[in-house]
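First the structure, in the form of structure tokens, and then the observations on it.
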Amino acid sequence: MDFRFTDDQLSIQSIARDFAQKRIAPVAAELDAKGEFPLENIREMGQLGLMGIEVPEAYGGAGMDPISYVLAMVEIAAADAATSTIMSVNNSLFCNGILKNGTEEQKQKYVRAIASGEAIGAYALTEPQSGSDASNMHTRAVKNANGDWVINGKKSWITSGPVARYIVLFAVTTPGIGARGVSAFIIDTAREGFLAGKTEPKLGIRASATCEIEFHDYVCPKEDMLGEEGKGFAIAMGVLDAGRIGIASQAVGIARAAYEATLQWSRDRKAFGHPIGTFQMTQAKIADMKCKLDAALLLTLRAAWTKAQTDKNGGRFGTEASMAKLVASEAAMWITHQAVQIHGGMGYSKEMPLERYFRDAKITEIYEGTSEIQRLVIARAETGLR
Ligand SMILES: Cc1cc2nc3c(=O)[nH]c(=O)nc-3n(C[C@H](O)[C@H](O)[C@H](O)COP(=O)(O)OP(=O)(O)OC[C@H]3O[C@@H](n4cnc5c(N)ncnc54)[C@H](O)[C@@H]3O)c2cc1C
């Protein structure tokens with residue numbers, strides 16, 4: 001076992017850290033307050049290779065490994081969780097989904113556009129009546145006389161929905177047979193029949209754009225089906241395995257930012273004539289924060305390492321990804337909670353970023369599978385029971 005990173009991994013970490021500190025951190029509070037999408041930063045991140053880190057160079061990406069992706073995501077999330085949400089969807093859900101399941105034409109056309117930052121990607125599984133129970137979707141795709149697919153329905157909570165050019169969408173092609181009747185499609189939002197609907201007002205990650213999307217007789221050309229008919233649900237779940245490594249990294253980034261701010265505050269802030277970091281109750285919190293932060297990072301790196309092995313040799317990494325997401329998201333929630341507490345009144349103030357970290361951390365326990373769903377995935381793998 002070797003805990004050192006390679007030169008390439010350190011290089012992308014340094015590129016991401018530099019951009020995060022110089023360009024993202026200075027505007028994060030303002031964009032959060034306004035709920036404004038960081039379009040310019042996303043385009044520049046595309047040029048730096050951060051929107052398609054694991055995408056091969058042949059399709060316009062950085063051609064790097066899953067550990068590089070984790071390191072870069074942590075840096076971006078530590079500056080602004082909302083920007084890292086957009087980055088995560090582009091990398092893990094959109095690009096990864098098409099790279100794993102798409103045709104050569106689909107990879108050249110869609111992955112290249114998203115990996116370069118020219119366009120923004122989205123992933124649409126959730127519907128108003130189905131989130132954890134995703135196979136209970138109602139969006140319907142029906143084949144027309146030309147063999148193309150006519151799509152009708154509504155998806156909810158779609159990250160980057162209002163700004164995405166391309167979307168990986170899941171819809172029912174054969175009703176009545178559950179998950180086996182779901183297929184995946186690549187949607188071009190410039191086509192007729194697509195509508196970005198109601199914006200979802202959110203607690204955190206407010207600079208990311210989230211909305212409902214609607215399909216009204218949208219015609220998807222047959223060549224834009226992703227993978228085989230009836231294999232859409234397996235594609236959706238496989239993509240989420242990779243996505244959960246991204247969300248675990250995001251949680252680690254938020255937690256690290258809160259932890260580092262707290263360390264500084266515990267040295268600087270005095271009460272009863274002493275730095276508050278000299279009080280044993282503060283010290284215990286700091287020790288627990290550091291242990292949870294490192295445990296979260298190590299589980300996330302293990303999941304990324306396992307994914308890298310399966311990329312080369314086949315196999316699965318879903319349980320490792322679920323463990324990383326579960327532990328990292330709960331660590332982020334706990335650490336940001338303690339960070340607000342240790343900052344006292346200033347932790348509650350919008351003059352400091354702690355309250356933003358606290359609000360942003362919560363989403364990591366909800367999207368791409370709630371903590372309850374991660375526990376189901378892990379326990380089912382361990383027991384072999386369903
Ligand atoms: C900001 C944001 C961005 C999002 N972005 C996207 C996106 O880009 N694309 C997309 O497709 N979706 C997206 N989502 C949707 C997200 O993935 C779902 O909200 C999530 O999966 C939970 O589904 P739900 O909201 O329907 O909750 P429900 O499934 O209704 O769950 C409600 C509660 O019941 C619990 N529960 C449900 N089933 C079980 C069970 N079997 N055992 C125990 N407990 C259970 C859940 O854990 C939860 O606590 C986003 C959501 C948010 C909030």
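All of the numbers you see were taken from the coordinates with simple rules; none came from a lab. Keep in mind it's a predicted model, so treat the numbers as computed, not measured. Cβ atoms come from the backbone with ideal geometry, glycine included; neighbour counts cover every protein chain shown.
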Item to check | Calculated over the stretch 7-120: convex hull of Cα atoms, volume per residue (Å³) | outcome: 79 Å³
Checklist entry - Of the cross-linked pairs Lys34/Lys350; Lys34/Lys154; Lys107/Lys222; Lys290/Lys325, which ones have a Cα-Cα span greater than 20 Å in the structure shown? => result Lys34/Lys154
Checklist entry - Among 186-197, 252-263, what's the highest-first ranking by average C-beta atoms within 10 angstrom per residue? => result 252-263, 186-197
Checklist entry - Counting pairs of alpha carbon atoms under 8 Å apart in space and at least six apart in sequence, what relative contact order in percent does the stretch 258-386 give? => result 24 percent
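With runs of 4+ DSSP H residues as the only contributors, calculate the mean residue ellipticity of the chain at 222 nm using -39,500 (n - 2.57) per run, divided by the residue total and rounded to the nearest 500.
Helix-only estimate at 222 nm: -15500 deg cm²/dmol.
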Checklist entry - Counting only DSSP beta bridges with both residues in the chain, what percent are antiparallel, rounded to the nearest 5? => result 85 percent
Checklist outcome for this item: Counting all Cα-Cα pairs in the chain, those more than 38 Å apart amount in percent to 17 percent
Next on the checklist: Tell me whether the stretch 121-161 comes out rounded, prolate or oblate; compute the Cα gyration tensor, take square roots of the eigenvalues as a ≥ b ≥ c, and use a/c under 1.5 as the rounded threshold.
Outcome noted: oblate
Item to check | Burial ordering of Ile205, Ile276, Ile158, fewest other beta-carbon atoms within 10 Å first | outcome: Ile276, Ile158, Ile205
Next on the checklist: Within a 10 angstrom radius of the beta carbon, how do Leu48, Leu39, Leu297 rank from fewest other beta carbons to most?
Outcome noted: Leu39, Leu48, Leu297
Checklist outcome for this item: Taking Cα atoms only, helix 280-313 is inclined relative to the longest principal axis of the chain by an angle, in degrees rounded to 10, of 30 degrees
Checklist entry - Hey, what angle do you get for helix 318-342 against the long axis of the chain, alpha-carbon based, 0 to 90 degrees rounded to 10? => result 40 degrees
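Which number do you get for Rg(Cα) / (2.2 N^0.38 Å) in the stretch 74-142? Don't skip to the answer; put the middle values down first.
Values: Rg = 14.4 Å, N = 69, 2.2 N^0.38 = 11.0 Å.
Rounded to two decimals, the normalised Rg is 1.31.
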Checklist outcome for this item: At the level of C-alpha centres, the distance separating the stretch 66-111 and the stretch 1-26, in angstrom, is 16 Å
Checklist entry - How would you classify the stretch 122-230 from its alpha-carbon gyration tensor, with a ≥ b ≥ c the square roots of the eigenvalues: rounded for a/c under 1.5, else prolate if a/b is greater than b/c, otherwise oblate? => result oblate
Item to check | Proximal aspartates and glutamates to Lys202, defined as alpha-carbon separation beneath 19 angstrom and excluding residues fewer than eight positions away on the same chain | outcome: Glu30, Asp32, Glu36, Asp80, Glu127, Glu212, Glu355, Asp360, Glu365, Glu368
Item to check | Per residue Cα convex hull volume in Å³ - calculated over the stretch 233-383 | outcome: 110 Å³
